[in-house]
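Below is one structure, written out as structure tokens, with a few remarks after it.
The values are calculated or read from the model by the stated rules, or taken from the named source; none is laboratory data. No experiment lies behind these values; they were computed from the predicted model shown. Note: ideal-geometry Cβ built from the backbone for every residue, glycine included; neighbour counts use all protein chains shown. Heads up: the accessible areas ignore ligands, DNA and RNA and are worked out on the full protein's heavy atoms, side chains in. Shrake-Rupley method; radii C 1.70, N 1.55, O 1.52, S 1.80 Å.
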Amino acid sequence: MTEETDKSSLPHHVAIIMDGNGRWAKARGLDRSEGHVEGVNTVRRITEVASELGIGYLTLYTFSTENWNRPQAEVDALMHLIVIAIERETPDLIKNNVRLCMIGDTSRMPGEAYSRLQQCMSETAGCTGLTLTLAISYSSRWEITEACRRFASEVVAGKSEPSDILSEDTFSRYLATAGMPDPDLLIRTGGDHRVSNFMLWQIAYSEIYVTDVFWPDFSREDFMRALGDFRKRERRFGLTSEQLK
């Protein structure tokens, strides 16, 4: 399937809101944590196909700042799962030339989870293929607020002038995603039609694809279907079809 795809028309950056783990588990009479475990397997297969296709960036909404308000047992299980998954997947990430990155409020992460994540990022730093970014303890409002604080701090320290922030590109350099292209395609699994405080600045012109499939069931074929839908879109960026022609 991937060999037959016209890779020139693929998105350079795909972002995914991975939703439906809990509902997947509930429908099977399982604990919500089982849905998160199965969701990790989906991360692996989607990362593999994205890498095979030569997609440059894959960003996954893994854990939002709002998720800290979930039952403590579920939060603890998620953090533990992140540690296990990172250690299990690091060798394959290196084998497949995948570089791991993270965006989010790391100050709220348990020390063990954060240190192991840092270790994996260090070990994959030399990889030059797909950049896999995990958005953990992340929300877009937090990110934009932090960007404003960083710029304000530079102004107070005399390193910048208020007039320095004169363009969108200048402001983007203060975001957690600095240096990354904006997503061309945003996929949301689980059927909900909202962006849930995810990359609000960056998805201004992203194509959005929503599927009712829960994340644990999201297959390679589902991913290819989303990419096929993207290839049919006309991306005008405020222009008319005639102008594009």
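Overview of values
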| quantity | calculated |
| --- | --- |
| Members of segment 1-21 found to be of a type in the set (Gly, Ala, Ser), outside any loop (DSSP other than H, G, I, E, B) and at pLDDT 95 or above, listed by number | 15 |
| Among residues of segment 72-84, those that are under 21 Å from residue 127 (Cβ atoms) and at pLDDT 90 or above, counted | 0 |
| Top-ranked residue in segment 161-178 [being assigned to a loop (DSSP other than H, G, I, E, B) and hydrophobic (A, V, I, L, M, F, W, C); ranked as least open to solvent (accessible area, probe 1.4 Å)] | 175 |
| Any hit, segment 220-240, residues being among the hydrophobic types (A, V, I, L, M, F, W, C), open to solvent by 50 Å² or more (accessible area, probe 1.4 Å) and more than 19 Å from residue 146 (Cβ to Cβ) | yes |
| Sole residue being buried (at least 16 other Cβ atoms within 10 Å of the Cβ), farther than 12 Å from residue 131 by Cα, at pLDDT 90 or above and small (Gly, Ala, Ser), chosen from 64, 115 | 64 |
| Counted residues, segment 201-234 - those being in contact with a strand residue (DSSP E or B) (Cβ under 9 Å, 6 or more places away or on another chain), assigned to a loop (DSSP other than H, G, I, E, B) and free of Cβ contacts under 8 Å to residues at least 40 places away in the same chain | 2 |
| Complete set of residues in segment 133-160 that are farther than 28 Å from residue 63 by Cβ and surrounded by 10 or more Cβ atoms within 10 Å (Cβ to Cβ) | 154, 155, 159, 160 |
| Residues of segment 83-95 satisfying the condition of being buried (at least 16 other Cβ atoms within 10 Å of the Cβ) and out of contact with any strand residue (DSSP E or B) (no Cβ under 7 Å at 6 or more places or on another chain) | 83, 85, 86, 89, 90, 94 |
